Amino acid sequence: MATVKQNLHRSPELTHSDSARLDTELLLAHSIGRDRTWLYTWPEYELRGEEQRRFDALFERRKSGEPVAHLVGEREFWSLPLKVDASTLIPRPDTELLVETALELCPGEKRRALDLGTGSGAIALALASERPGWRILAAEKSADAVALAEENRRALGFDNVEILQSDWFAQIAPQQFDLVVSNPPYIDAADPHLAQGDVRFEPRSALVADREGLADIERIAHESLHFLEEGGWLLVEHGWQQAGAVRKIFAAAGFQDIESRNDYGNRERITLGRCQTSKNK
Ligand SMILES: C[S@@+](CC[C@H](N)C(=O)[O-])C[C@H]1O[C@@H](n2cnc3c(N)ncnc32)[C@H](O)[C@@H]1O
């Protein structure tokens with residue numbers, strides 16, 4: 001049997017990963033049922049048979065490319081531990097920009113927000129963690145992802161979030177929101193990145209959209225005007241080369257105060273627009 005330190009020395013075997021050491025730590029900590037700090041406190045701890053077998057199996061699966069989040073069943077987003085599985089996207093740190101911007105655009109405790117394509121519930125639950133007074137509806141097409149988001153909602157105990165199965169707005173009763181936020185599918189079907197890394201293990205329905213990745217954003221932009229208050233905001237994430245096209249879509253739909261914002265890597269990754277005249281009024 002090997003010690004913690006000896007197992008950590010195996011990290012260079014994860015040749016395809018650009019976070020080999022971190023991946024190894026996460027898989028090892030998960031196999032022993034401890035956190036990563038514990039590994040550094042007890043480097044000479046010798047794994048028990050069952051722990052070693054668990055680690056070996058997970059490590060082999062990681063070598064063949066499976067995402068760490070799927071192997072350990074969890075990913076942290078906005079400091080919230082979220083259960084993840086193969087039904088939807090693994091929440092990305094990039095999407096925290098969407099949460100930050102939503103909080104900035106909508107100050108105040110009594111707001112109504114809609115998260116479209118909620119997946120694991122990441123955005124809706126992050127907003128709920130910051131604004132207990134908001135009422136948040138989270139819509140998602142995949143029944144399995146709805147179940148996952150509901151499990152995360154319950155585990156975190158947020159009573160101000162409702163999760164609904166819906167094809168975008170189709171099952172949402174007429175009502176007005178102050179904010180519609182979405183990280184929809186926006187990758188073009190021909191994008192070579194779909195054959196690389198974690199995305200190979202994520203469902204295409206969470207990633208790919210028609211019309212060079214813009215079809216879902218276009219639909220959301222047009223339909224959200226029926227669900228926004230006057231002065232309410234639409235906020236979407238998109239690819240770094242799509243900002244100009246998304247601004248045009250927002251303008252054609254009738255949004256005002258349209259603006260794209262950069263992510264931490266200085267690339268335009270989100271676009272926002274204000275609804276001047278709600279189509280419901
Ligand atoms: C890019 S993922 C984002 C998931 C999550 N919001 C996040 O940021 O981690 C897009 C999500 O939209 C969902 N989706 C795709 N088409 C949809 C539709 N027509 N109606 C509702 N949700 C849809 C997918 O199932 C997936 O969960």
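The table that follows gives values for the structure above.
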| read-out | value |
| --- | --- |
| Accessible surface, 1.4 Å probe, highest first, among residues Ser260, Ser182 | Ser260, Ser182 |
| Cα gyration tensor shape for the chain, rounded if a/c is under 1.5, else prolate or oblate | prolate |
| Accessible surface of the chain [probe 1.4 Å, protein heavy atoms]: carbon and sulfur percent | 48 percent |
| Centroid-to-centroid separation of the stretch 75-108 and the stretch 129-146 [C-alpha atoms, Å] | 11 Å |
| Amide H contacts under 5 Å for Asp257, placed H, 5+ residues apart | Arg274 |
| Rounded to 5, the percent of DSSP beta bridges in the chain classed as antiparallel | 45 percent |
| Accessible area in square angstrom per residue, the stretch 4-65, 1.4 angstrom probe | 58 Å² |
| Per residue accessible area in Å² of the stretch 183-264, where ligands, DNA and RNA are left out and the probe is 1.4 Å | 48 Å² |
| Lys, Arg +1 and Asp, Glu -1 on Cβ, resulting dipole of the chain about Cα centre, debye, nearest 20 | 100 debye |
| Shape category assigned to the stretch 202-261 from the gyration tensor of Cα positions, a/c cut at 1.5 | prolate |
| Residues whose placed amide H lies under 5 Å from that of Leu228, excluding near-sequence neighbours | Phe177, Lys279 |
| Cα centroid separation - the stretch 1-73 against the stretch 194-269, whole Å | 37 Å |
| Global geometry of the stretch 126-271, whether rounded, prolate or oblate, following the gyration tensor of its Cα atoms and the 1.5 cut on a/c | oblate |
| Helical mean residue ellipticity (222 nm; -39500 (n - 2.57) per DSSP H run of 4+; nearest 500) of the chain | -10500 deg cm²/dmol |
| Relative contact order of the stretch 4-65, pairs being alpha-carbon contacts under 8 Å that are 6 or more residues apart, as % | 40 percent |
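The values are calculated or read from the model by the stated rules, or taken from the named source; none is laboratory data. Quick caveat, the model's predicted, so the values are computed rather than measured. Cβ atoms come from the backbone with ideal geometry, glycine included; neighbour counts cover every protein chain shown. Side chains included, ligands, DNA and RNA excluded: accessible areas come from the protein's heavy atoms. Shrake-Rupley method; radii C 1.70, N 1.55, O 1.52, S 1.80 Å.
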